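Notes to accompany the following structure.
The values are calculated or read from the model by the stated rules, or taken from the named source; none is laboratory data. Keep in mind that what you see is a predicted model, and the values were worked out from it rather than measured. Please note: Cβ atoms are built from the backbone with ideal geometry, for glycine as well, and neighbour counts cover all protein chains shown. Areas reflect the complete protein model, heavy atoms only, side chains present, ligands, DNA and RNA absent. Shrake-Rupley method; radii C 1.70, N 1.55, O 1.52, S 1.80 Å.
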Amino acid sequence: MRHIFARRLLGLMFAGFCLHVGAAAAHAATPAPASLAARLQRVADQQDIERLIADYSAFLAAKDFDSYGKLFAHGAFLGPQGQVIASGSEQVSALVRKYLGGDPGTTVRHLVTNTRIDIAPDGNSAQAESFLTTIQAKTGQPAEIFRVAVYKDRFKKVAGAWVFASRQ
């Protein structure tokens, strides 16, 4: 019995080796990656977009509604069905101030995780999807999970800088 097991194991290992070698050969046949400059630009673009996503949460936590609104100077805040709820800095700032500005005794934090960013081949637009967990705490009470959701973002470059085109 041990002998049969050992033979099967060797057979599986050999099959795995062949798959690995085959995959390496197939990989060698693929086109060379983009230039180093193009790859570096893509990394820089992704970091800039990640910063926008982080700024969104940071401005909300600080209740800095004007800075929050400026994130949407060239974009819109969308509802669950894709309808425009507010667009431009002033409308977005007023909307968030209306819903989050009233209770100074409540602390809210947005935990944004599992973000996947896809930059278009032309490098001028991108989309992202993130998971949101909102935690809130009222003064003297324990924090609790208030909301979970998924953000669907679109970004564009304006004058060489990434901006929100929309957040749903």
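Values for this structure:
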read-out	value
Protection proxy ranking, peptides 43-50, 135-142, average beta carbon neighbours within 10 Å, highest first	43-50, 135-142
In order through region 130-140: 3J(HN,Hα) via Karplus (6.51 cos²θ - 1.76 cosθ + 1.60), integer Hz, x for Gly, Pro	9, 9, 10, 10, 9, 10, 9, 9, 8, 3, x
Residue-by-residue Karplus 3J(HN,Hα) for region 112-123, coefficients 6.51, -1.76, 1.60, Hz, glycine and proline x	10, 9, 6, 7, 10, 10, 10, 9, 4, x, 6, x
Chain lengthening between ARG154 and LEU40 when straightened (0.36 nm per residue, less Cα-Cα)	38.9 nm
Solvent-accessible surface (1.4 angstrom probe) belonging to LYS63, in square angstrom, nearest 10	70
